[in-house]
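Taking it in order: structure first as structure tokens, then the write-up.
What follows is calculated from the coordinates using simple rules that are stated; it is not laboratory data. All of these numbers come straight from a predicted model, not from anything done at the bench. Glycine gets a Cβ as well: all are built from the backbone with ideal geometry, and neighbour counts include every protein chain shown.
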Amino acid sequence: MAPALHAGLLALAFAATAALFDAEPMWVPAVALAVLVAGSIAWVTRAARGVYVARTLDSRRVVEGEPVGIVIEVATRRLALPATTIVEPLLAEAVRLAAGWRLGHVRIEARFARRGRHVLAPARVRISDPLGLATREVCPPLAEVEDEILVLPRLEPIAGVAGGSPAARITRRGPLGAEVELDGIRPLRDGTSAARIYWPSIARGGEPQERRLTAGTDSQPLVVLDPRAPADEEQLDAAVRAAASLAHALARAGGCSLLLPGDRRATDLGETLAGWAHVHARLALLGSATGPPLGLAAHRRGPVVFVSARVRARLPQPLGAGPGATRVLVVPGTLASRQAAFSVAGCSGYVLSTARTRAVAAAQLAGRSA
């Protein structure tokens, strides 16, 4: 209201001059300014009382870097809107609406670069008269003041660096990981071995089918995420993206398990990705305060992929004495002393020797020494 106040003081000055010096022509600008100021304040105040502003989000969940549509609607139930400006915290500058309308809206697309829960400050409407003498700001009702968007970590492809396909290296299983449980029948795929063909379907003259076998839960790959002690937030986010990308890819390749801080047991993910939405949301909110229960992964028979938020050259002690299963270390950046088997989300993966391989190597070395 500062411009209105200044105009009002100017009107008083004209009126005082007219009264003191008996200058009747000075009454004209004094009265005109007074009427103009009073009219502007009355128009803006009355218009602001009937204004409604609302913000609608296309989705409350969005992946890092992907756009989310936001619509801000402004309406008035009384007078036509004077000069109106939408002030949206997500926009670099305010958006002006045409004056004289009873309804207006603007649609924007916002992107969020980092995962987590983002609380959006309320959108506001700034109403003013055409001369800018009177101005009022209108906020949404208290129930609609804050909007929240959950930004999920993005999934990135696994790129092989050495040793062929990274997925093959991670999921490679020995006899302990052999598929032994019948999980149903599905249409025959190209390249299926004869041992898995479901011959009764062919004998009946029906569509060729194959037996779908699955390994026991203890034998499927396990992804373990340790978010503790990152050098900075970028390393933590990189580790979370790597764990999410690996878990998603391994689940689609045949199933895997994911172990996060606070878990009492690993979460199983199948080819249908049932439960992935819940896991994805947990990864979006994950902090660096606590680590996973490594004791649950110490004796896994299947491959264990340990994703660390800090750079380290070796696995934690509980994971180094498994029953001969493959161990994979994933860290942000690269290790100068090792050759990476794959990379994902700015992290590098290193396939380490299994406990059984180390024992054989030690025995051979002892025999040569003797």
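Points worth noting:
- Amide hydrogen neighbours beyond the local backbone of residue 198, cut-off 5 Å, H modeled: 209, 210, 211
- Modelled FRET efficiency - R0 51 Å, residue 312 with residue 57, Cβ distances, 0.05 increments: 0.80
- Where labels lie 7 Å past Cα in the beta-carbon direction, separation of residue 94 and residue 6 in nm: 1.6
- Cleavage-rule hits (chymotrypsin sites (Phe, Trp or Tyr not before Pro)) in segment 1-50: DSSP loop, at most 16 neighbouring Cβ within 10 angstrom: 21
- Cβ-derived FRET efficiency at R0 51 Å, residue 73 paired with residue 185, nearest 0.05: 0.45
- Ranking of 268, 129, 22 by neighbouring Cβ atoms within 10 Å, starting from the fewest: 22, 268, 129.
- Using the Karplus relation 6.51 cos²θ - 1.76 cosθ + 1.60 with θ = phi - 60°, the per-residue 3J(HN,Hα) values for segment 343-349 come to 9, 7, 6, x, 10, 10, x Hz, with x marking Gly and Pro.
- Taking amide H atoms as placed 1.01 Å from N in the peptide plane, the amide H of residue 228 lies under 5 Å from those of 309, each 5 or more residues away in sequence or on another chain.
- Ranked list, fewest to most other Cβ atoms within 10 Å of each Cβ, for 288, 257, 128: 288, 128, 257
- A Förster radius of 51 Å combined with the Cβ-Cβ distance from residue 38 to residue 117 puts the calculated FRET efficiency at roughly 0.60.
- Amide hydrogen neighbours beyond the local backbone of residue 326, cut-off 5 Å, H modeled: 304
- As a rough footprinting exposure proxy, the listed residues 90, 131, 315 were ranked by other beta carbons within 10 Å of their own, and the order from fewest upward is 131, 90, 315.
- Sequentially through segment 14-24, phi angles give Karplus couplings (6.51, -1.76, 1.60; θ = phi - 60°) of 4, 5, 5, 5, 5, 6, 6, 9, 6, 9, 4 Hz, Gly and Pro residues having no value and appearing as x.
- Karplus-based coupling profile of segment 297-303, in residue order and whole Hz: 9, 5, 10, 5, 7, x, x, with θ = phi - 60° in 6.51 cos²θ - 1.76 cosθ + 1.60 and x standing for Gly or Pro.
- Stretchable slack from residue 273 to residue 108, in nm (0.36 nm times residue separation minus alpha-carbon distance): 56.2 nm
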